[in-house]
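The values are calculated or read from the model by the stated rules, or taken from the named source; none is laboratory data. From a predicted model like this one, the values you see are computed outputs, not experimental measurements. Heads up, the Cβs are rebuilt from the backbone with ideal geometry, glycines too, and the neighbour counts pull from every protein chain shown. Remember, those area values only see protein heavy atoms, side chains included, never the ligands or the DNA or RNA. Shrake-Rupley method; radii C 1.70, N 1.55, O 1.52, S 1.80 Å.
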Amino acid sequence: MTADTVAVAVDAHAAVELPPRAERARQAEAAADRLRAAGVEAVAVTWVDNAGITRVKAVPLDGLVHAAQWGLGAAPCFDVFLADDAITTSPIIGGPTGDLRLYPDLGRVVPLAAQPGWAWAPGDRHTQAGTPHPGCQRLFARRMEATAAARGLALKAGIEVEWVAALAGAPADEPQYPTHGPAYGMHRLTDLSDYLRDVLRALGEQGLEVLQIHPEYAPGQFEVSVAPEGPVAAADTAVLVRHTVRAVSARHGLRVSFAPVVEAGTVGNGAHLHLSLWREDRNLGRGGSGPHGLTAEAEGFLAGVLAALPELLVLGCSSPAGYLRLVPSHWAGAYQCWGLENREAALRLVTGSAGERSAAANAEVKCFDASANPYLAVGAVLAAGLAGLDQRLALPPEFNGDPAAAAPGTVPRLPARPAEAIAAYERSAVLREALGEPLYQAVLAVRRAEAVQYADTAPERMVAATRWRY
Ligand code: GLU
Ligand code: MG
């Protein structure tokens, strides 16, 4: 380690320490006053586990100040939960003993428009001694954001949310849809106009800037995208958007699935991650001498992400069912290549309309889905990107057209099953160092356990088992 990297590491660790208790209490008192005036009676504090499930502890509003000072109890074994609530173990984290403290991030607390009386805040997990819990996925993302910031770099990120809306009353194994309109059809929007308006209204009331909402390809499928933010904020927003969609849907007699695949053999739900790298006010994806105007820093960053995609799938595509989605000709980005506006490339370069390019240029990681923990996804992409930037990697030649139609072997396929991604992850020194041993091992244990669970499972059964978990 050079003196510089030591300084960056120290800054990054300082960035995830708890502020002093008195300051937290003052902030919570102010937040509680605001929330009370907005009719809030209780606050849900969430974290997302390594299997991609959002877990929660909630407090009545009167308990918020205490929670901000002392945290809420949360067992460390949550780090080794699987998506079906089975529990595995890992070399450092696991077992029935011990306790952690979950602290609401009051900078992000917001009343929930579709759950009257409730507010939501994302949580960070610390030890009982008040030190950062090394297994906390949100603190990992915050550490990576701080690592970039210490170099004067900022990532802007946005996670697209795709979901399938089905009738709540239908049998779990036979989803029925509230509209039978065609893909991207106005027919679907017309059938569900009250519902979609309520989704937009709820997101807006919660302070989110919606860019677009539209019917998607698969039966009952929709998508909403929101404005880019810092990586941790974007991951928080992904959690908030999903649970808002879920809550609005429940009020309309609908049940939603963000699972990678809702019906075997059809197009699934992605959670594409849009990203742009900035230095101060400059989007490094524009005005450079690299391909399509990329600067050398942006090119190195994207090349690092592209090269690491096989191992990044462990963080960006958690469920074994994700590999049923990640297949050619499904716009899921099943090939390890990049291309301008290429929807079959795992890394799609987006330049935007001519006039708005300086702000809009970004890259889209298409191969991720919503079974991922979004904090792990953004943190790991930052780690891989910064490693690529440090090594001054160059992008391989661009691929235009459909990689599935290219001569076999021309374009590498991304892992087709969990074991291949896990093997790549086990070889990744970059991810291992960035995540830190406890978190790295806990993720590995969860992925291995889920891979074993579904090793001999037919696609239809795997889809049925995961359809309503995400
Ligand atoms: N639903 C597709 C997926 O599984 C993506 C469709 C699109 O390009 O938006 O990722
Ligand atoms: Mg889409």
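Apart from one condition, A321 fits all of (1) away from ligand 2 (no atom under 16 Å from the Cβ); (2) open to solvent by 10 Å² or more (accessible area, probe 1.4 Å); the exception is (2). Against the conditions (1) farther than 26 Å from S257 by Cβ; (2) among the polar types (S, T, N, Q); (3) surrounded by 24 or more Cβ atoms within 10 Å (Cβ to Cβ), Q137 satisfies every one except (1).
Tallying residues that are part of a loop (DSSP other than H, G, I, E, B) and among the polar types (S, T, N, Q) within the range 130-143 yields 1. I'd like to check something: does the range 69-86 contain any residue that is touching a Pro at 6+ places or on another chain (Cβ under 6 Å), among the acidic types (D, E), surrounded by 12 or more Cβ atoms within 10 Å (Cβ to Cβ) and part of a loop (DSSP other than H, G, I, E, B)? No, the range 69-86 has no match at all. When H292 is tested against (1) surrounded by fewer than 24 Cβ atoms within 10 Å (Cβ to Cβ); (2) touching a Ser or Thr at 6+ places or on another chain (Cβ under 7 Å); (3) outside any helix (DSSP H, G or I); (4) not aliphatic (A, V, I, L, M), just one condition goes unmet, and that condition is (3). For the range 325-338, what are the residues that are surrounded by fewer than 24 Cβ atoms within 10 Å (Cβ to Cβ) and more than 23 Å from G285 (Cβ to Cβ)? Within the range 325-338, V327, P328, S329, H330 qualify. Within the range 346-365, if we keep just the residues that are open to solvent by less than 10 Å² (accessible area, probe 1.4 Å) and within 28 Å of A83 (Cβ to Cβ), the residue that is farthest from ligand 1 (Cβ to nearest atom) turns out to be L347. In the range 253-277, the residue that is least open to solvent (accessible area, probe 1.4 Å) out of those that are in a loop (DSSP other than H, G, I, E, B) and within 14 Å of A170 (Cβ to Cβ) is V262. Can you tell which of A234, A247 is closer than 16 Å to Y375 by Cα, more than 16 Å from ligand 2 (Cβ to nearest atom) and either not aromatic (F, W, Y) or not in a helix (DSSP H, G or I) (or both)? Every option except A234 fails the conditions.
Candidates E229, E174, E209: the one that is open to solvent by 60 Å² or more (accessible area, probe 1.4 Å), under 27 Å from L35 (Cα atoms) and not hydrophobic (A, V, I, L, M, F, W, C) is E209.
Please determine whether any residue of the range 100-122 is farther than 28 Å from C317 by Cα, in contact with a Pro (Cβ under 7 Å, 6 or more places away or on another chain) and open to solvent by 30 Å² or more (accessible area, probe 1.4 Å). Checking the range 100-122: not a single residue is farther than 28 Å from C317 by Cα, in contact with a Pro (Cβ under 7 Å, 6 or more places away or on another chain) and open to solvent by 30 Å² or more (accessible area, probe 1.4 Å). Taking the range 144-191 as the range and being within 15 Å of ligand 2 (Cβ to nearest atom), in a loop (DSSP other than H, G, I, E, B) and of a type outside the set (D, E) as the test, the residues that pass are A183, Y184, G185.
For the range 258-280, does any single residue satisfy the condition of being within 16 Å of ligand 2 (Cβ to nearest atom) and closer than 18 Å to E145 by Cβ? Within the range 258-280, one or more residues are within 16 Å of ligand 2 (Cβ to nearest atom) and closer than 18 Å to E145 by Cβ. Just one of the numbered conditions (1) assigned to a helix (DSSP H, G or I); (2) within 16 Å of ligand 2 (Cβ to nearest atom) is not true of S329; which one? Of the numbered conditions (1) assigned to a helix (DSSP H, G or I); (2) within 16 Å of ligand 2 (Cβ to nearest atom), the odd one out for S329 is (1).
Taking T190, is it open to solvent by less than 40 Å² (accessible area, probe 1.4 Å) and among the β-branched types (V, I, T)? So T190 does not fit the description; no.
Take the conditions (1) touching a residue at least 24 places away in the same chain (Cβ under 8 Å); (2) not in a loop (DSSP other than H, G, I, E, B); R197 misses just one of them, which is (1).
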